[in-house]
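Novice: My questions will all concern the structure given below.
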């Protein structure tokens with residue numbers, strides 16, 4: 001253990017070492033990825049339901065297109081947040 005780390009532990013300072021990112025980032029990233037997984041799972045389930053339904057093919061395709069549009073719109077804010085976190089992590093280690 002380095003003397004600097006020992007000093008921080010002894011003094012009780014919680015400053016982070018220079019090449020680490022905030023400990024809040026990992027739980028946030030996991031939460032965002034989990035939300036995306038849920039959104040994707042729901043989309044696939046709904047898509048399969050439409051594909052297996054007895055409605056005419058043109059209606060199926062229209063319903064799937066609408067579903068895909070809604071899916072993208074739901075995902076976009078999460079993807080933007082993940083991109084922002086990734087940039088923050090990259091800046092930390094650049």
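The values are calculated or read from the model by the stated rules, or taken from the named source; none is laboratory data. Note that this is a predicted model, so its numbers are computed, not measured. FYI the Cβ positions are ideal-geometry reconstructions off the backbone, even for glycines, and counts take in every protein chain you see.
Novice: Could you please tell me which pairs satisfy a Cβ distance under 7 Å, a separation of 6+ or placement on different chains, a first residue in region 40-64 that is more than 27 Å from residue 79 (Cα to Cα), and a second residue that is not in a helix (DSSP H, G or I)?
Specialist: From residues that are more than 27 Å from residue 79 (Cα to Cα), the pairs are 60/53.
Novice: Hand me the list of helices (runs of 4 or more DSSP H) wholly inside the chain holding 2 or more residues that are at pLDDT 95 or above, touching a helix residue (DSSP H, G or I) at 6+ places or on another chain (Cβ under 9 Å) and surrounded by 10 or more Cβ atoms within 10 Å (Cβ to Cβ). Show your work before the answer.
Specialist: Working: elements: 3-11, 25-52, 57-93.
In the chain, the matching helices (runs of 4 or more DSSP H) lie at 25-52, 57-93.
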